[in-house]
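Here's the structure we're looking at; comments come further down.
FYI, it's all coordinate maths here, none of it is from the lab. Please read all numbers here as calculations on a predicted model, not as lab measurements. Ideal geometry is used to build each Cβ from the backbone, glycine not excepted, and the neighbour counts take in all protein chains shown.
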Amino acid sequence: MSEHAAEVQASASDAASSLGWSVRAATGDDVEAVAGAVRALLLELDGTPTSTAAMEDATRTLIASPWEGAVLVAQARVAIVGVLAASWQMAIHVPGSYALIQDLWVDPAWRGQAVGAGLVEALVELTRGRHMERIEVGLPRESFSNFSATEGFYLSNGFTANGPRMRRRIP
């Protein structure tokens, strides 16, 4: 773990410890739990998760490749109660590099306890340490039953509307 990542972990942990959880960088020991959390997120969003093995491989790659992004976990005692995965992007319109939140999941039993905000704040510190000035996230479809709550979460954590994202799959 880099010195800056250790500082972020300590800072986020101090802020959250009174609430019974802490934020840290994911490790290889977290692969199954992280992939399971993202699977739960996709199911909640009415998405279709890929195979567990493929999700675990992608998790391992991102954890092992700090130049590509970051995987943060919120942990309460022995269980992971939140996951944030982000990738580092380069764009002309920014200009430069920025972070893109790919996945953000909080265990339903832990929602409302600032776990998501703690994960976002830890990502803010990581991006600041990489001299990035922006974090972006795509919202779920507006038909998602908790769309308003999701949008409200991001708005309350300093995000502003930037239009929807679209995608095209390449076979």
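Do the sum for the chain: with -39,500 (n - 2.57) for every DSSP H run of n ≥ 4, divided by all residues, what is the mean residue ellipticity at 222 nm, to the nearest 500 deg cm²/dmol? Intermediate values should be presented prior to the final figure.
Values: 5 runs with 66 residues, N = 171.
-12500 deg cm²/dmol, from helical runs alone.
For every other residue with a beta carbon closer than 12 angstrom to the beta carbon of Ala99, add +1 if it is Lys or Arg and -1 if Asp or Glu, then tell me the sum. The partial results should precede the final answer.
On the way: positive: Arg128, Arg130, Arg134; negative: Glu68, Glu125, Glu133, Glu136.
For residues surrounding Ala99, the net value is -1.
By how many nm would the segment from Leu43 to Trp67 lengthen if fully extended, with 0.36 nm per residue of separation less the alpha-carbon distance?
Values: separation 24, 0.36 × 24 = 8.64 nm, distance 2.87 nm.
Extra length from Leu43 to Trp67 when fully extended: 5.8 nm.
To the nearest 0.05, what FRET efficiency results for Thr27 and Ala161 with a Förster distance of 35 Å applied to their C-beta separation? Could the numbers behind the result be given before it?
Details: r = 35 Å, r/R0 = 1.00.
Once the sixth-power term is evaluated, E becomes 0.50.
To the nearest 20 debye, what charge dipole does region 17-138 have about its Cα centre, counting +1 at the Cβ of each Lys and Arg and -1 at the Cβ of each Asp and Glu?
On the way: 8 positive and 14 negative charges, 56 e Å.
With Lys and Arg at +1 and Asp and Glu at -1, about 260 debye.
At a Förster radius of 41 Å, what calculated FRET efficiency corresponds to the Cβ-Cβ distance of Gln89 and Ala109, to the nearest 0.05? Let's see the in-between values first.
Numbers: r = 32 Å, r/R0 = 0.79.
For Gln89 and Ala109, the calculated efficiency is 0.80.
From the P(r) of the chain, could you give the percentage of C-alpha pairs in the tail past 26 Å?
Working: 3639 of 14535 pairs.
Percentage above 26 Å: 25.
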